[in-house]
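Remarks on the structure that follows.
Please treat every number below as a calculation from the coordinates, not as lab data. Source: prediction; values computed, not measured. Don't worry about glycine lacking a Cβ; one is built from the backbone with ideal geometry, like all the others, and counts go over all protein chains shown.
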Amino acid sequence: MSNSAFKTATLSAAAIVGLASVVFAGDAAATEISWGFLIIGLLGGLALFIYGMEQMSDGMKKTAGDQMRSILAALTHNQLLGLAVGTFVTMVIQSSSATTVMLVSFVQAGLMNFTQCLGVILGGGIGTTVTAQLIAFKLTDYALLMVFIGAVLRMFAKTERMRNIGDIILGFGILFYGMKLMSDSMKPLRMFPAFIDLLKGLENPFLGLLVGTVLTALIQSSSAFTGILIVLAQQNLITLEAGIPMIFGANIGTCITAGLASIGTTREAKRVALAHVIFKIAGVVLFIFWIPAFADPIRTLGAGFSSGTARDIANAHTVFNVSIGFLFLPATALFGRLITTLLPERPTNPAFELNTRHIDDRQIVNPPVAIELARAEISRVALLLGRMQRSIIIPFFSEEERKDEIFPSLSLLEGIDLRERKINFLQEKIKAYLLKVGQQPLSQKQSDEIYGMISIVKDMESLGDLIHRNMVPLIPKKHALETDFSDEGQEELMIYHEKVCKQLFLLKEAFSERNPEKAREIMLGERKYLDLESQYRIRHLQRLLHQRNESLETHEVHMELMDLMKQIIVYSSNIAKTFVTSTL
């Protein structure tokens with residue numbers, strides 16, 4: 001949870017309890033309650049609860065962060081797999097909103113498509129119930145023991161993994177201690193009839209739904225709001241019938257974070273946020289009209305636990321999300337078409353302006369995702385380089401005016417100029433982004449990857465300069481000769497150009513797929529293509545010795561062009577080496 005969400009949560013709690021103190025100030029029973037200490041205990045407990053949840057989440061993300069990134073990146077169109085992945089990832093980061101925000105960023109980056117996200121969104125709802133199940137266990141008596149164990153591991157562990165486990169245990173202990181403080185603060189309210197009557201009024205399903213939606217939207221965490229409900233239930237201040245509609249509201253309110261994250265994103269990314277809202281609202285509509293009938297099996301399910309209503313509320317949260325997950329999973333294609341109809345594609349014009357497409361400042365605090373987004377942006381740089389290289393060879397063999405392959409309104413050379421400006425712009429933006437990510441708590445592997453990527457994008461920018469500053473000036477030089485390359489020379493240049501394009505294509509693929517094998521293929525090709533350049537150089541010199549007129553007149557341009565393409569081969573291999581060493 002962000003600092004702003006934390007402040008909102010505490011202020012909301014203060015407002016609620018403060019309002020209660022004003023409303024009940026004239027009641028005789030109210031004079032027996034110290035509202036000041038009650039508010040202090042509740043706010044302090046809530047602060048510890050949220051901080052503990054955040055600490056536990058950070059520890060789990062650091063422990064499983066890179067694996068989580070790999071799992072998300074490996075998603076297929078199998079929606080059942082998506083459901084499982086969504087459950088696991090949300091269980092780790094303890095927020096379905098955070099999972100959906102992550103999906104918005106991944107879709108924005110082109111790492112996933114909208115259809116793949118639907119199963120993950122449904123799984124996210126299931127994963128967020130794990131936290132509620134854990135806090136429903138009455139472990140408050142052992143909270144300080146967990147704090148002690150976690151602190152000892154955090155201070156004395158010799159490995160980063162054990163320190164992260166210490167963070168998890170420490171956060172879990174702080175969370176439960178916060179619950180204990182809130183629970184103890186609320187004990188006087190058990191004997192306060194006016195407050196009990198107020199909570200019973202929440203058994204009205206639509207009022208409870210509204211309260212749950214609004215408060216969760218303010219707190220931006222359904223887990224935190226569910227924790228508050230469980231504390232109320234542990235003090236017998238709330239019934240299951242009042243808790244269920246508020247749980248439903250919490251599931252709707254948690255969508256606000258993803259909605260905010262989708263502002264200013266692509267159309268597909270907005271669809272992810274809308275899908276989150278539609279799934280939750282559709283699920284609530286299915287359940288809201290038969291709450292008493294829903295409550296009975298929930299009580300039966302929790303009959304074996306001593307936690308009573310607290311466990312029943314956690315179970316209701318779980319059953320609701322599991323039910324809508326498996327009910328809607330077979331219909332994801334139908335939901336996808338509905339959402340696409342509601343948010344259709346807008347006609348787009350070719351974008352000549354300089355901008356980033358993938359990196360997202362909101363994910364800087366989440367290094368595994370931020371690194372993945374930067375990698376997608378670097379893949380885009382490699383794509384631009386490949387297009388520049390494919391275009392640059394054409395004017396050497398034809399003086400006919402050619403149009404850009406992507407932007408027909410531009411000439412071929414104008415397209416090269418545009419891409420060179422884009423690469424320079426992206427290099428600066430990616431470098432600045434990665435340096436900000438580098439200031440976050442990182443594992444050694446993540447640090448290596450970040451600084452490797454900074455080096456890579458600088459080398460890519462140098463490749464763009466090589467094409468733009470060195471190859472482009474050769475074009476008028478060649479046209480001034482009014483002589484074509486020899487047939488053999490033209491064939492050699494074309495063949496070598498294809499090899500260079502292949503290396504740049506593999507470079508793009510290595511980044512877009514996060515595939516070290518493609519990078520190794522580039523490294524293996526370097527030696528082979530350098531030998532090929534030597535062979536072509538010897539053949540060209542032999543043609544000069546035989547006084548071939550075309551070879552004599554085009555010699556300087558031929559050799560410079562071949563040498564520049566050889567430099568691209570070497571640069572590409574160096575980039576591939578950095579990629580392999582920083583990724584593994």
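Take each peptide in 212-220, 36-44, 82-90, count the other Cβ atoms within 10 Å of every residue, and average; sorted highest first, the result is 82-90, 212-220, 36-44. For every other residue with a beta carbon closer than 13 angstrom to the beta carbon of Ile339, add +1 if it is Lys or Arg and -1 if Asp or Glu, then tell me the sum. For residues surrounding Ile339, the net value is +2. I need the shape label for segment 211-276. Rule: rounded when a/c is under 1.5, else prolate if a/b > b/c, else oblate, with a, b, c from the alpha carbon gyration tensor. In terms of gyration-tensor shape, prolate. Placing pseudo-labels 7 Å out from each Cα toward the beta carbon at Glu414 and Ala157 gives an inter-label distance of 5.9 nm. The packing ranking of peptides 128-139, 477-488, highest mean first, is 128-139, 477-488, where packing means the average number of other beta carbon atoms within 10 angstrom of each residue. The calculated pair-distance distribution of the chain uses every alpha carbon pair, bins of 20 angstrom beginning at 0, and gives 18, 41, 25, 12, 4, 0 percent.
Between Lys499 and Leu435, what's the calculated FRET efficiency when r is the beta-carbon distance and R0 is 35 Å? Round to 0.05.
0.50
On the beta carbon distance between Phe289 and Tyr142, with R0 = 41 Å, the FRET formula returns roughly 0.50. Each residue of segment 492-507 is assigned a 3J(HN,Hα), and the resulting list reads 5, 5, 5, 4, 5, 4, 5, 5, 5, 4, 5, 4, 5, 5, 4, 4 Hz, derived from the Karplus form 6.51 cos²θ - 1.76 cosθ + 1.60 (θ = phi - 60°), x at Gly and Pro. Scalar couplings 3J(HN,Hα) for segment 242-250, obtained by applying the Karplus form with A = 6.51, B = -1.76, C = 1.60 to θ = phi - 60°, are 7, x, 4, x, 5, 5, 4, x, 4 Hz; x denotes Gly and Pro.
FRET efficiency for Asp563 and Leu334, Cβ-Cβ distance as r, R0 = 60 Å, nearest 0.05? Here the calculated transfer efficiency is 0.55.
Judged by the gyration tensor of its Cα atoms, with axes a ≥ b ≥ c, segment 436-500 is oblate; a/c meets the 1.5 cut and b/c is at least as large as a/b.
Once a ≥ b ≥ c are taken as the square roots of the eigenvalues of the Cα gyration tensor of segment 361-583, is the result rounded (a/c under 1.5), prolate (a/b larger than b/c) or oblate (a/b not larger than b/c)?
Working: a/c = 3.10, a/b = 1.87, b/c = 1.66.
Here segment 361-583 falls in the prolate category.
Taking a 28 Å limit on the Cα-Cα distance, which of the listed pairs Lys403/Lys508; Lys280/Lys431; Lys138/Lys270; Lys422/Lys499 fall beyond it? Result: Lys280/Lys431; Lys138/Lys270 exceed 28 Å.
Taking amide H positions as modeled 1.01 Å from N, with prolines and chain starts lacking one, no residue 5 or more places away or on another chain lies under 5 Å from Asp484.
Rounded to the nearest Hz, the phi-derived 3J(HN,Hα) couplings of segment 231-238 under the Karplus curve 6.51 cos²θ - 1.76 cosθ + 1.60 (θ = phi - 60°) are 4, 4, 5, 5, 9, 6, 9, 9, where x marks glycine and proline. Quick one: go through segment 478-507 and flag any residue whose amide nitrogen is under 13 Å from the point 7 Å out along the Cα-to-Cβ line of Glu399. Answer for this model: 478-485.
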